[in-house]
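The values are calculated or read from the model by the stated rules, or taken from the named source; none is laboratory data. Note that the coordinates shown come from a computational prediction; the quantities given were computed from them, not determined experimentally. Don't worry about glycine lacking a Cβ; one is built from the backbone with ideal geometry, like all the others, and counts go over all protein chains shown. The accessibility values were calculated without ligands, DNA or RNA, using every heavy atom of the protein model including side chains. Shrake-Rupley method; radii C 1.70, N 1.55, O 1.52, S 1.80 Å.
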Amino acid sequence: MKRHAWKQWLVGVGAAGLLSACSSVPLHGNPITSDRKQPPASFFEVDWWTPLVEPVAWEYAPREFAAPAVDPDSGNIIALTRDGFVRAVAPGGKVVWNFKTGNRFSAGALVHEGIAYVPGGDGVLYALDARKGDLKWKYEAGEPLATTPVLSDALLLVASESDTLFAVDIQTGKWVWQYRRDPPSGFTIHGVSTPTLKDGTVYIGFADGFVVALDAQGGTAKWEKSLAGGATEFLDVDTPPVVDDAGRLYVASYQGGLYALSAETGDMEWSSAVAGLTSLMARGEIVFAVGDGRVDAYLAETGRILWSHSLGERAGRAPVLARGMLLVPNQRSLLFMDPRTGQSRLAWDPGEGISAAPGMDGSTAYVLSNNGFLYALHLRGGGG
């Protein structure tokens, strides 16, 4: 790829409405409960908000990890919270139905053709009517489910905290196949790789340091590759694998760093020895990597680092690119970053921070804060 091509992509992102450089990063807060100043309207406006989770006495550092999902048919926002409830919230903030499960959630729902597929921390995959909340079917996996389900033709793919990938019939909830790896003997980190589907192949990482390519229909392995690099603990490959149009597969090992592999064979094309990465996203010819204390941007073709932004002692989570801004939850707040330079323009903390990725619907970002409030942000993309 020519050098000017990724520069053209970055200029295109900038045209979507990023700010020029700022000398400091203000921390903004809740429109009702915080004394902090409110975010400038050039970035976003809070259209509405609603509390979902009742406060619990003596609860220390609450966390919400499930990204909200939107049903395009009804407009309902499907929110999964730490109290084990699935809630549908109508535009405007009214809760229209709720459904109780047996445990908290680690990942958000998939909404497809009016059905919300919910990965339960209680080990159950639920299919719920997104408009009314009626249970269509459930599949009892018996292991806490920890990834947003992925659609593969007539199958749903969802992974558990115990390193099992389940394939379930989307119409009936019946088991079709599963692929499992034994957990390593050493220490691991909290997190599970979300499967990625491309051209009939499922790519997924595991806690033993392997990334595996599977046939989507039968679950048989096409290839597997260890990214452990001789390490004996914290081997986890928890990033969602990313496949680009050039046939490269990007994946990161917590201990070993970032890798670009051939999606067809698993052969390595390049690597970058940056430990602690837990989430990846590719846009155009840029790979964004987020993890413990950092957010990076790499040139996809060569792995050359374009910029790196320090998060200090905070751990970044799954990023979202919207309205020309890179949105990165870092537990304490939601960062609004310039994807061209890595500079943080704004940090927004509505109370107890933000851990879950925003759910996007056009120019609206639905944000679930760690204290269980759901916010609808109308993004403007920044201004001068």
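Shown for the chain: lysine pairs separated by 8 or more places, or found on different chains, whose C-alpha atoms are under 16 Å apart, numbering 7. For HIS112, the residues 5 or more places off, or on other chains, whose built amide H falls under 5 Å of its own are TYR117. Under the simplified labelling scheme, the GLN343-ALA221 pair shows an inter-label distance of 4.8 nm, with each label point 7 Å from Cα along Cα→Cβ. Once all protein chains are placed together, ILE170 keeps about 10 Å² accessible to a 1.4 angstrom probe.
Counting only Cβ charges, +1 for Lys and Arg and -1 for Asp and Glu, the dipole size of the chain around its Cα centre is about 980 debye. If the segment from LYS100 to SER42 were pulled out straight at 0.36 nm per residue, it would be longer than the present Cα-Cα gap by 17.0 nm.
At a 1.4 Å probe radius, which order do HIS378, HIS190 fall into by accessible area, largest first? Each step should come with its number before you reach the end.
Details: HIS378 50, HIS190 140 Å².
Result, largest first: HIS190, HIS378.
Of PRO119, PRO55, PRO91, the residue with the greatest mean-square motion in the GNM of the chain, using alpha carbon springs below 10 Å, is PRO55.
Over the stretch 277-347, what is the mean sequence separation of C-alpha contacts under 8 Å (at least six apart), divided by residue count, expressed as relative contact order in percent? Provide the component values of the computation, followed by the final result.
Numbers: 162 pairs, mean separation 15.3, N = 71.
Dividing the mean separation by the residue count of the stretch 277-347 yields 22 percent.
Here the simple spin-label model places points 7 Å from the Cα toward Cβ, and for TRP307 and LYS138 these points are separated by 4.7 nm. Close amide-amide hydrogen proximity is noted between ASN103 and GLY121, ASP122, each under 5 Å apart and 5 or more residues distant or on a separate chain (H modeled in the peptide plane; Pro and chain starts excluded). The modelled label-to-label distance for the pair ASP267/ALA90, using points 7 Å beyond Cα in the direction of Cβ, is 5.8 nm. Each residue of the stretch 287-304 was assigned a 3J(HN,Hα) from its phi angle through the Karplus expression (A = 6.51, B = -1.76, C = 1.60, θ = phi - 60°), giving 10, 9, 10, 10, x, 5, x, 7, 10, 10, 10, 10, 6, 4, 6, 10, x, 5 Hz with x at Gly and Pro.
Size of the chain from its Cα atoms: along the principal axes, largest to smallest, the extents are 53, 52, 39 Å.
Please work out the ratio of the alpha-carbon Rg of the stretch 249-384 to 2.2 N^0.38 Å and round it to two decimals.
Working: Rg = 15.2 Å, N = 136, 2.2 N^0.38 = 14.2 Å.
That ratio works out to 1.07.
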